[in-house]
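Single-structure report; data block below.
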Amino acid sequence: MNTKSCKVAVTGGAGFIGSELVRQLCLDGHEVVVIDNLVNGKPENLIDIDNGSCQLCIEDIRNSELIAKLLKGVDIVFHLACLGVRHSIHSPLENHDVNANATLKLLIAARQTGVRKFVYISSSEVYGTARAVPMTEEHPTFPMTVYGAAKLAGESYTRAFYETYSYPTVVVRPFNAYGPHCHHEGDSGEVIPKFLIRSMAGIQPVIFGDGNQTRDFTYVSDTARGILLAGFTDEAVGQTINIGSGYEVSVSKLAEEILFLIGNSEIEPLYDLPRPGDVLRLYADTQKSRDILGFEPKVDLKEGLKRLLNWYQNSGLSPEDLLKAEIVHNWKVS
Ligand SMILES: NC(=O)c1ccc[n+]([C@@H]2O[C@H](COP(=O)([O-])OP(=O)(O)OC[C@H]3O[C@@H](n4cnc5c(N)ncnc54)[C@H](O)[C@@H]3O)[C@@H](O)[C@H]2O)c1
């Protein structure tokens with residue numbers, strides 16, 4: 001595929017990872033149409049991007065007719081729009097509707113309007129807790145939440161389009177991302193931003209369970225670069241590819257690292273009951289992304305945490321302001 005100046009659509013492009021992907025696509029000279037209903041995304045996430053090369057369309061991906069119009073003339077769709085893991089605990093049907101049903105609708109619209117490639121952003125959550133590590137793309141998929149199950153349905157539809165119609169698709173499975181514009185608020189709140197802002201405010205990070213659960217945290221510029229490469233590498237078509245750092249860290253160790261970084265090592269994390277459906281171990285095998293995409297994560301956890309801290313410190317908001325949007329137990333069983 002000619003990688004010079006394509007027209008690209010990014011669903012969920014006003015969100016955390018999506019906005020970084022849009023930034024990199026525009027810097028690479030592509031024209032980007034962002035499709036986002038702003039349920040969790042923000043136009044401010046795109047504020048530093050040249051609006052000559054980026055157009056924000058505030059639309060819901062479930063609205064197939066409108067979306068088909070927006071896809072006219074688009075070369076590649078990067079599909080990131082979704083509702084999150086904790087949303088799936090209180091609203092499983094809506095979560096499935098957006099993450100699975102709307103993915104199928106989008107595939108149909110993309111194929112019918114002549115979009116040349118469809119890149120589906122799945123999640124490491126499709127694996128469930130690791131049964132063998134590091135986790136290759138062949139690892140069994142046993143999602144533990146409706147979110148993980150709906151993402152797995154979305155990627156299955158994506159692969160089915162490749163198998164049935166020879167429609168060029170790629171499935172990307174990012175592991176946990178963090179970095180500027182990540183979510184600390186409401187049911188979108190993730191562990192790194194939550195720990196970081198609590199530690200900055202001098203209060204205890206809260207660990208759910210024994211803290212031995214592990215994750216493979218990837219800095220958002222690396223995650224976005226991996227996704228971008230998946231869209232522009234011909235050999236990736238028909239493939240499912242992990243994007244991770246290849247480094248496993250426990251949640252207890254993460255809390256320790258963050259408290260040390262802030263200079264608040266005397267604070268002890270608070271331990272609370274486990275979360276429903278919490279995956280206990282995630283650790284990416286990154287060989288396939290290296291072999292096919294030439295992907296190499298550049299920012300390690302220490303450096304990434306420093307950069308994110310710096311971003312919060314320059315955000316104009318105090319840790320106390322940031323904390324107002326944080327909900328400690330940010331899930332509700334329906
Ligand atoms: N953040 C992570 O650690 C992580 C890890 C693995 C996979 N992923 C995947 O990456 C993608 C992006 O995740 P993120 O963390 O940036 O989440 P995010 O919530 O910041 O971004 C999702 C975006 O989708 C938009 N959206 C939601 N429903 C929509 C709808 N019906 N129509 C249009 N737009 C809609 C939201 O407004 C938001 O801007 C998701 O597909 C997610 O499954 C994220």
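Results for (1) closer than 21 Å to Leu107 by Cα; (2) within 14 Å of the ligand (Cβ to nearest atom); (3) touching a Gly at 6+ places or on another chain (Cβ under 9 Å); (4) not in a strand (DSSP E or B), shown as yes or no for each residue.
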position: Leu21; (1), (2), (3), (4): yes, yes, yes, yes
position: Asn40; (1), (2), (3), (4): no, yes, yes, yes
position: Asn45; (1), (2), (3), (4): no, yes, yes, yes
position: Asp48; (1), (2), (3), (4): no, no, no, yes
position: Gly73; (1), (2), (3), (4): yes, no, yes, yes
position: Gly84; (1), (2), (3), (4): yes, yes, no, yes
- Matching residues in the range 1-19 (buried (at least 23 other Cβ atoms within 10 Å of the Cβ) and in a loop (DSSP other than H, G, I, E, B)) number 4
- Task: Return a yes/no flag: does the range 117-127 have any residue that is of a type in the set (D, E, K, R), in a helix (DSSP H, G or I), within 12 Å of the ligand (Cβ to nearest atom) and within 14 Å of the chain's Cα centre (by Cα).
- Result: yes
- Taking the residues in the range 50-62 that are more than 8 Å from the ligand (Cβ to nearest atom) and either assigned to a loop (DSSP other than H, G, I, E, B) or among the charged types (D, E, K, R) (or both) as candidates, determine which candidate is surrounded by the fewest Cβ atoms within 10 Å (Cβ to Cβ). Gly52
- Hey, Glu257 hits all of (1) assigned by TED's automatic domain parsing to the domain that holds Tyr165; (2) free of Cβ contacts under 8 Å to residues at least 60 places away in the same chain; (3) of a type outside the set (Ser, Thr, Tyr); (4) in contact with a strand residue (DSSP E or B) (Cβ under 8 Å, 6 or more places away or on another chain) but one; which does it fall short on? (1)
- Query: In the range 159-180, what residues are within 12 Å of the ligand (Cβ to nearest atom) and crowded, with 23+ Cβ neighbours inside 10 Å?
  - Reply: Val171, Val172, Arg173, Pro174, Phe175, Ala177, Tyr178, Gly179
- Item | Leading residue by the ranking (surrounded by the most Cβ atoms within 10 Å (Cβ to Cβ)) among those in the range 208-217 that are in a loop (DSSP other than H, G, I, E, B) and within 11 Å of the ligand (Cβ to nearest atom) | Asp216
- For residues that are of a type in the set (Ser, Thr, Tyr) and out of contact with any Phe, Trp or Tyr (no Cβ under 6 Å at 6 or more places or on another chain), scanning just the range 1-59, find the one that is farthest from Leu228 (Cα to Cα). Ser53
- Message: I'd like to know if the range 178-198 contains one or more residues that are in contact with a Gly (Cβ under 8 Å, 6 or more places away or on another chain), aromatic (Phe, Trp, Tyr) and in a loop (DSSP other than H, G, I, E, B).
- Response: no
- Message: Suppose the filter is under 19 Å from the mean Cα position of the chain (by Cα) and part of a helix (DSSP H, G or I); does Ile108 pass it?
- Response: no
- Note on the structure: Taking the range 23-38 and keeping only residues that are away from the ligand (no atom under 11 Å from the Cβ) and either in contact (Cβ under 8 Å) with a residue 12 or more places away in the chain or buried (at least 24 other Cβ atoms within 10 Å of the Cβ) (or both), one is left with Arg23, Gln24, Leu25, Cys26, Asp28, Gly29, His30, Glu31, Val32, Val33
- Options Pro193, Pro205; residue that is in the same structural domain as Phe260 (by TED's automatic domain parsing), surrounded by 22 or more Cβ atoms within 10 Å (Cβ to Cβ), touching a Lys or Arg at 6+ places or on another chain (Cβ under 8 Å) and over 21 Å from Ile121 (Cα atoms): Pro205
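The values are calculated or read from the model by the stated rules, or taken from the named source; none is laboratory data. Just so we're clear, the structure is a prediction, and the values are computed from it rather than from any experiment. Cβ: placed from backbone, ideal geometry, glycine included. Neighbour counts: every protein chain shown.
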